[in-house]
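Engineer: Quick one: the structure is below, and I'll ask about it shortly.
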Ligand SMILES: C[S@@+](CC[C@H](N)C(=O)[O-])C[C@H]1O[C@@H](n2cnc3c(N)ncnc32)[C@H](O)[C@@H]1O
């Protein structure tokens, strides 16, 4: 009973985002576990693999999310230890903001099991497409929102800024009705106003989760961020204020007269 682990992403938009290799891994595993955002996703995964098991039951109200992740890791790793060919499918990209993935990989590798992680389309990939943002143009900064506030760094207001989990700032429990998103957003608004003008337009973004859906793109002036409509699936995009200035001396050393062609 050798046991192995393959972790895959199902993408953000149901069915249409999954890669052929992820789909094959889900179908051929003798134990497939999954965490997806829509009930239709469950149906679809059970069609791919009739024995597929949802991990959603670990998300009971009031629990610390960290405890949930630990239970998920123990449960999935238990199946690997029992000798199964295991596939764990997470929505989006499985290695982007998915804590159980990091823990599972560490544990399975340390125990000598074969481990694979297959990429998927993340929320940030969708944002690049829907907001027509090319990170190659001016660069891109991407942070988890609570971490961004709690560990202030020397970020650059002249470079595009993406903040994940803006709907759950400072909130570490399983999301339920007690969540007051406005409190965290107000703190973020105050922090960002040190760097951006109060009328600076920011975007609350939610990629379509169903193939028939449309992305939700809500533009708000920064000073109204605290009252912006957010969910646990919202990502904030803050456009740069001005392009970073060009270093003429460096251009000369590079033998360039301009960088407009980049
Ligand atoms: C736990 S992370 C999961 C990210 C996921 N693994 C990925 O690859 O995109 C949850 C955060 O991802 C972002 N996110 C998830 N679904 C999204 C969507 N449909 N549109 C925009 N952002 C989304 C939000 O910032 C949300 O708070």
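The values are calculated or read from the model by the stated rules, or taken from the named source; none is laboratory data. All of these numbers come straight from a predicted model, not from anything done at the bench. Reconstructed Cβ throughout: ideal geometry from the backbone, glycine too, with neighbour counts over all protein chains shown.
Engineer: Counting only residues that are touching a strand residue (DSSP E or B) at 6+ places or on another chain (Cβ under 8 Å), under 20 Å from residue 244 (Cα atoms) and more than 11 Å from the ligand (Cβ to nearest atom), how many does region 117-152 have?
Structural biologist: Residues that pass the stated criteria total 3.
Engineer: Residues in region 232-239: is at least one more than 10 Å from the ligand (Cβ to nearest atom) and at pLDDT 95 or above?
Structural biologist: Start the filter on region 232-239 by keeping residues that are more than 10 Å from the ligand (Cβ to nearest atom), which leaves 238-239.
Those left that are additionally at pLDDT 95 or above: 238-239.
Looking for residues that are more than 10 Å from the ligand (Cβ to nearest atom) and at pLDDT 95 or above, one finds at least one in region 232-239, hence yes.
Engineer: Only one of these conditions is not met by residue 52: (1) closer than 21 Å to residue 209 by Cα; (2) assigned by TED's automatic domain parsing to the domain that holds residue 18; (3) within 15 Å of the chain's Cα centre (by Cα). Which number is it?
Structural biologist: (3)
Engineer: Is there a residue being in contact with a strand residue (DSSP E or B) (Cβ under 7 Å, 6 or more places away or on another chain), in contact (Cβ under 8 Å) with a residue 12 or more places away in the chain and more than 16 Å from the ligand (Cβ to nearest atom) anywhere in region 96-111?
Structural biologist: Yes, there is a match, as at least one residue in region 96-111 is in contact with a strand residue (DSSP E or B) (Cβ under 7 Å, 6 or more places away or on another chain), in contact (Cβ under 8 Å) with a residue 12 or more places away in the chain and more than 16 Å from the ligand (Cβ to nearest atom).
Results for (1) assigned by TED's automatic domain parsing to the domain that holds residue 152; (2) touching a residue at least 40 places away in the same chain (Cβ under 8 Å), shown as yes or no for each residue.
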residue	(1), (2)
201	yes, no
205	yes, yes
226	yes, yes
232	yes, yes
244	no, yes
247	no, no
255	no, no
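Engineer: May I ask you to list the residues in region 128-157 that are under 17 Å from residue 167 (Cα atoms) and over 11 Å from the mean Cα position of the chain (by Cα)?
Structural biologist: If the condition is that a residue be under 17 Å from residue 167 (Cα atoms) and over 11 Å from the mean Cα position of the chain (by Cα), then 145, 146, 147, 148, 149, 150 are the ones that fit.
Engineer: Which is surrounded by 14 or more Cβ atoms within 10 Å (Cβ to Cβ) and outside the structural domain of residue 14 (by TED's automatic domain parsing), of 251, 210?
Structural biologist: Unique residue meeting the criteria: 210.
Engineer: Okay, moving on. Name, by its number, the condition in (1) buried (at least 18 other Cβ atoms within 10 Å of the Cβ); (2) in a loop (DSSP other than H, G, I, E, B); (3) without any contact (Cβ under 8 Å) to a residue 60 or more places away in the chain that does not hold for residue 240.
Structural biologist: (3)
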